There are 2 protein chains.
Amino acid sequence: MTDAAIAVLGGTGPQGKGLGYRFAKAGRRVIIGSRDAAKASAAAGELDETLGGDGLVTGMANAEAAAQAGLVVVAVPWDGHNELVESLRGELSGKIVVSCVNPLGFDKAGPYGLDMGNSSAAEQLQSIVPAARVVAAFHHVSAANLIGPAEKLDHEDILVAGDDKEAAAQVRALAATVTGSPGVDAGPLRLARQLEPLTAVLISINKRYKTRSGVSISGLPQD
Amino acid sequence: MTDAAIAVLGGTGPQGKGLGYRFAKAGRRVIIGSRDAAKASAAAGELDETLGGDGLVTGMANAEAAAQAGLVVVAVPWDGHNELVESLRGELSGKIVVSCVNPLGFDKAGPYGLDMGNSSAAEQLQSIVPAARVVAAFHHVSAANLIGPAEKLDHEDILVAGDDKEAAAQVRALAATVTGSPGVDAGPLRLARQLEPLTAVLISINKRYKTRSGVSISGLPQD
């Protein structure tokens, strides 16, 4: 599994592209997925060039990307998310599926978390594809930092929530490719309700401080 | 205003008591409020003794505490919160009122944020007492760390959300009595919807790592 390819659906968007970059930079094979296979190939080519042309990144349509990968990262916009994952039920079943989707709204007062009731994007994915091993993670890393020059984003923590303990452990290990240290076990998948809209707070802080903020958890054993 | 007393309603609970301790340790006059004036006095006496008996902390019933203070911190449990603030409409009007209330539920899977719809404890306070200058802050500092020996909780950030810019700035300054640096401007009061239930994630992390976690924001100017 460690050597299986990672598909990043919505991988032409800034968050997905940035995550794909980090995974490939750490030596993982990455498949950028998009609705449009040509756009996926173009984004993959761009990343491959940035990475020195070692051919670790390829691009294809979302369904093929998901089918060929061992682990699938869903980095698509919330708008259209449920329809997409419904269309990929077969491809996602049985796989570790990482949701980093943030259901946010924006108005003149800035970003805010959409009212999801007692739910979250990650839980909706789980309910649409019951056989997927859904883990919520990577919501809070800024796309600009991901694609930026830092060797690792070592001032940030990746918060990981999931009900499948083995899947969550694999995603925590994968987080080290981004930050240099394992992700933080935040608990059951339902806490994605809190992780997803926290991104609104970070975007709000970014605007106020003209920065690219991230989350770090104090008091962990390595501190 | 800087020298006005700070009332901490619900100040006999761990979070309120810990905040009162930190404010008084920094030289502010603190009034511990409780439903029961005798309990408030007992908690105040305990804090005063811990602080070396300089008499900065007194205790009284919530209504009197709020009436005598220049700034009021609401640290009561969510259950009963709306009734309490409704009963104090007169005392809270015109004052800076800091909400650190966390509407959480707990079941066998652990803590979770209650479904508040498009609202939060802080926004409900604001709508019950329209003339209060409501600011949301201090949700995430662990009570055990507050009452603990560290000179300042300098690995943590206080996230501050509010619509009254001057009030929010005063609360950010007050946060430095706890962490040693000003609170972080998180944006408008409605982002309290995200700040309040994030406490469920921290409690979940505390259980998993047997620690007292807190939040720190990476990428801020002082980093």
Candidates A:Leu195, A:Leu125, A:Leu202, filtered to the one that is touching a helix residue (DSSP H, G or I) at 6+ places or on another chain (Cβ under 8 Å), facing chain B (nearest Cβ under 10 Å), open to solvent by less than 10 Å² (accessible area, probe 1.4 Å) and in a helix (DSSP H, G or I): A:Leu195
Out of B:Arg133, B:Arg89, sole residue that is within 16 Å of the chain's Cα centre (by Cα) and of a type in the set (Lys, Arg): B:Arg133
Residue count for region A:81-94, restricted to those that are surrounded by fewer than 22 Cβ atoms within 10 Å (Cβ to Cβ) and either within 10 Å of chain B (Cβ to nearest Cβ) or not in a helix (DSSP H, G or I) (or both): 2
Strands (runs of 3 or more DSSP E) fully within region A:9-80 counting 1 or more residues that are of a type outside the set (A, V, I, L, M) and under 21 Å from A:Ser99 (Cα atoms): A:30-34, A:57-61
Subset of region B:106-120 that is within 20 Å of A:Leu114 (Cα to Cα) and not hydrophobic (A, V, I, L, M, F, W, C) - its residue that is surrounded by the most Cβ atoms within 10 Å (Cβ to Cβ): B:Ser120
Residue match in region B:136-148 (condition: under 18 Å from B:Gly20 (Cα atoms), assigned to a strand (DSSP E or B), touching a helix residue (DSSP H, G or I) at 6+ places or on another chain (Cβ under 6 Å) and modelled with pLDDT of 95 or more): yes
Options B:Gly162, B:Gly183, B:Gly219: the member that is open to solvent by less than 50 Å² (accessible area, probe 1.4 Å) and at the interface with chain A (Cβ under 7 Å from one of its Cβ atoms): B:Gly219
Condition broken by A:Val160, with the remaining ones in (1) touching a residue at least 40 places away in the same chain (Cβ under 8 Å); (2) β-branched (Val, Ile, Thr); (3) not in a loop (DSSP other than H, G, I, E, B) satisfied: (1)
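Okay, residues lined up against (1) touching a Pro at 6+ places or on another chain (Cβ under 8 Å); (2) within 26 Å of A:Thr211 (Cα to Cα); (3) not aliphatic (A, V, I, L, M):
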| site | (1), (2), (3) |
| --- | --- |
| A:Glu83 | no, no, yes |
| A:Val98 | no, no, no |
| A:Glu123 | no, no, yes |
| A:Val129 | no, no, no |
| A:Val135 | no, no, no |
| A:His155 | no, yes, yes |
| A:Ala161 | yes, no, no |
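The values are calculated or read from the model by the stated rules, or taken from the named source; none is laboratory data. From a predicted model like this one, the values you see are computed outputs, not experimental measurements. Note: ideal-geometry Cβ built from the backbone for every residue, glycine included; neighbour counts use all protein chains shown. Surface areas here come from the heavy atoms of the whole protein model, side chains and all, with no ligands, DNA or RNA. Shrake-Rupley method; radii C 1.70, N 1.55, O 1.52, S 1.80 Å.
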